[in-house]
Structures are given as structure tokens and as C-alpha cells.
1. Which residues, counting only those in region 78-118, are touching a residue at least 60 places away in the same chain (Cβ under 8 Å) and under 13 Å from the mean Cα position of the chain (by Cα)?
2. Just one of the numbered conditions (1) within 17 Å of SER28 (Cα to Cα); (2) at pLDDT 95 or above is not true of ARG103; which one?
3. For the structure I just gave you, tell me whether VAL142 is touching a helix residue (DSSP H, G or I) at 6+ places or on another chain (Cβ under 7 Å) and modelled with pLDDT of 80 or more.
4. Could you check region 42-71 and list, in sequence order, the residues that are of a type in the set (Val, Ile, Thr) and under 25 Å from HIS123 (Cα atoms)?
5. Keeping to region 32-49, report how many residues are touching a Gly at 6+ places or on another chain (Cβ under 8 Å) and small (Gly, Ala, Ser).
6. Please specify each residue of region 74-88 satisfying the condition of being surrounded by 14 or more Cβ atoms within 10 Å (Cβ to Cβ) and of a type in the set (Lys, Arg).
7. Residue under question is GLU138, and the condition is that it be surrounded by fewer than 17 Cβ atoms within 10 Å (Cβ to Cβ) and under 20 Å from LEU51 (Cα atoms); does it hold?
8. Looking only at region 19-63, which residues are assigned to a loop (DSSP other than H, G, I, E, B) and exposed (fewer than 15 other Cβ atoms within 10 Å of the Cβ)?
Amino acid sequence: MSHHYQQDYPTPSSDNDESTSTRLERLSRSVPEAINARDFTFSSKDGQELLAHTSADFMCHLDSQAQPITLAEQVQAWADRAREHPDFRFELQDVSSDVNERRGEASVYLSLIWTGINDVNLHAIAEMKWRRRGTWWELYWVYGLRSMPEPGNEFDSRVP
């Protein structure tokens, strides 16, 4: 996977009436949607637009990881998990955002439930951080935080 997404993936034209928060929420939702569809190349229209808006220095840090990793490494981890656990998926519960147009900063929050691994339903929050470069918004950081499993469920905390 290339790190020069803006050059590799042309951005499809967006609805001119779409607000910044609506657009960033839509693009952020494309991550769990792609994982659930086992589309690890992000080939959907929104997936391609997300890749076009992903920073070359993008990093992802989940609470189970010792250090942040690249997008390519995280996508590979999701692909490996899907291969090991065919029923693994994210159930998107809620999406919200905090956009500061003046500072050119935004966070999109995804509330998710992980399912399909050892009968565990694990709640998680992902914060997807965006920054504006001129008129271009780019995703540069994702932090994922998992909750405790539901009572009676076991969960391997080493699962990224």
C-alpha cells in the first residue's frame, strides 16, 4: 500500500452541499464498512476517497499495541484477524465529530462493537484525527480504545 495516497487515488467529486463534519464522518465510516466487506484495498467510492485523504505520515495506535503502526500494518492486522475469525466484524453504533474550521482540526469518533471473536461483544471507541492543509482535509491519526468485555466473555487483550 502506497503512502502517497493523494497521487494514487483521485478524489471523487463530492456533493458541494456536504458540510465538513458530514464528509469527514462519511469517510471515517468507510473504515469499518471496508473491514466488514473484507475490502482491504478500500475499493469502494468512499474507501478510495478516504485513501486519497490519508496523510503520508498516518499512524494508528490501538490500546493493545505497544506503539503506533502505519495504515498498511493496521490493514494487514485486520485482514489477518478476518482470516482467523471469519465472523469478525464491527457494528457501528454511533458517529460524531468535533470540527474546528478556524484551526483546521477535526476529530471523528466512532462507537463500535467488535463481534465474531469467541462470542465476545466488545465495545470500542475510535478517534480519527483530521487536519486541513489549505483546502484539503487529511486523516493523520487514529486512536482506538476498547472497553472491558461483557460479563462472562473472555477476550485476548493482545488482539490488535
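The values are calculated or read from the model by the stated rules, or taken from the named source; none is laboratory data. Since we're looking at a predicted model, the values are computed, not measured. We place every Cβ from the backbone using ideal geometry, glycine too, and count neighbours over all the protein chains shown.
1. LEU92, VAL95, VAL108, LEU110, LEU112
2. Only one criterion is unmet by ARG103, namely (1).
3. no
4. If the condition is that a residue be of a type in the set (Val, Ile, Thr) and under 25 Å from HIS123 (Cα atoms), then ILE69, THR70 are the ones that fit.
5. 1
6. Answer for region 74-88, where residues must be surrounded by 14 or more Cβ atoms within 10 Å (Cβ to Cβ) and of a type in the set (Lys, Arg): just ARG81.
7. Answer is no for this residue.
8. SER19, ALA37, ARG38, ASP39, THR41, SER43, SER44, ASP63
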